[in-house]
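Trainee: Below you'll find the structure I mean.
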Amino acid sequence: MGCMSNRPANDENTAAEGTDSAALAARTSNASAAKSAPTFAAATSACTAAARWSLAGRFDMQPIVETSTYLADEAATIAFAAQFAASVAAPCSVALIGDLGAGKTTFVRGVLRALGVTGAIKSPTYALVESYDTTKGEVHHLDAYRIESRDDFEARGGFEYFESPSIRFVEWPQRLDGAVNFDWTIRFDFEDAGRRVTVCKGLVA
């Protein structure tokens, strides 16, 4: 997608055929280690479950899953956020999906810290949006939890934040009923004592 900066190609994908067995073993070991690390640049795979949200929370469209990573604790979420921050570039709209307490706000806080924000970082639940100047330009953190409809969102000036070349994170995007085209969608699910984070691209919520 256009809002992610270029990243170096994975060595596993560029290795030539005929590599000797020692090099093959090294690559296999590296691949195993990567699976357990909270990295945004994990190997891609097809998503068989559909994933376009309606207000009812149903799904009717198949996306591509970029990563599915287990985050054991808050520190892992912050580390994942820092990796995402290194890759993201404006303009970019990111939908954040997950139950209350799943880690959406913690993730945004981690991104903002990685982008140089040192002051207070507040939840936008009541204010609708909190905006920050960062090393990658303006970042807007919106929370649509209390939005009653897309008309309500428009009346409160929500769409204005999508008119400039900024980075936008939106919690509870289902409330907007498909009014925003998202470049990326990050979903947080409870799993054991931690969280499962799944990143999809090209979704419209």
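The values are calculated or read from the model by the stated rules, or taken from the named source; none is laboratory data. Since we're looking at a predicted model, the values are computed, not measured. Heads up, the Cβs are rebuilt from the backbone with ideal geometry, glycines too, and the neighbour counts pull from every protein chain shown.
Trainee: Please go through the stretch 70-82 and give me each residue that is in contact (Cβ under 8 Å) with a residue 24 or more places away in the chain, of a type outside the set (Val, Ile, Thr), outside any loop (DSSP other than H, G, I, E, B) and surrounded by fewer than 21 Cβ atoms within 10 Å (Cβ to Cβ), ordered by number.
Mentor: Residues satisfying the conditions are Tyr70, Glu74, Ala76, Ala79, Ala82.
Trainee: Among the residues of the stretch 117-140, is any assigned to a strand (DSSP E or B), polar (S, T, N, Q) and more than 14 Å from the chain's Cα centre (by Cα)?
Mentor: yes
Trainee: Collect the residues in the stretch 87-135 that are touching a helix residue (DSSP H, G or I) at 6+ places or on another chain (Cβ under 9 Å), small (Gly, Ala, Ser) and within 15 Å of Arg168 (Cα to Cα), keeping them in residue-number order.
Mentor: Correct list: Ser93, Ala95, Gly110, Ser123, Ser131.
Trainee: Determine the pairs where a residue that is closer than 14 Å to Ala102 by Cβ and of a type in the set (D, E, K, R), located within the stretch 166-180, has a partner that is crowded, with 22+ Cβ neighbours inside 10 Å and at pLDDT 90 or above with Cβ atoms under 6 Å apart, the partner being 6 or more residues away or on another chain.
Mentor: Close Cβ pairs (under 6 Å, with a partner that is crowded, with 22+ Cβ neighbours inside 10 Å and at pLDDT 90 or above) amount to Glu171/Leu96; Glu171/Lys104; Glu171/Asp143.
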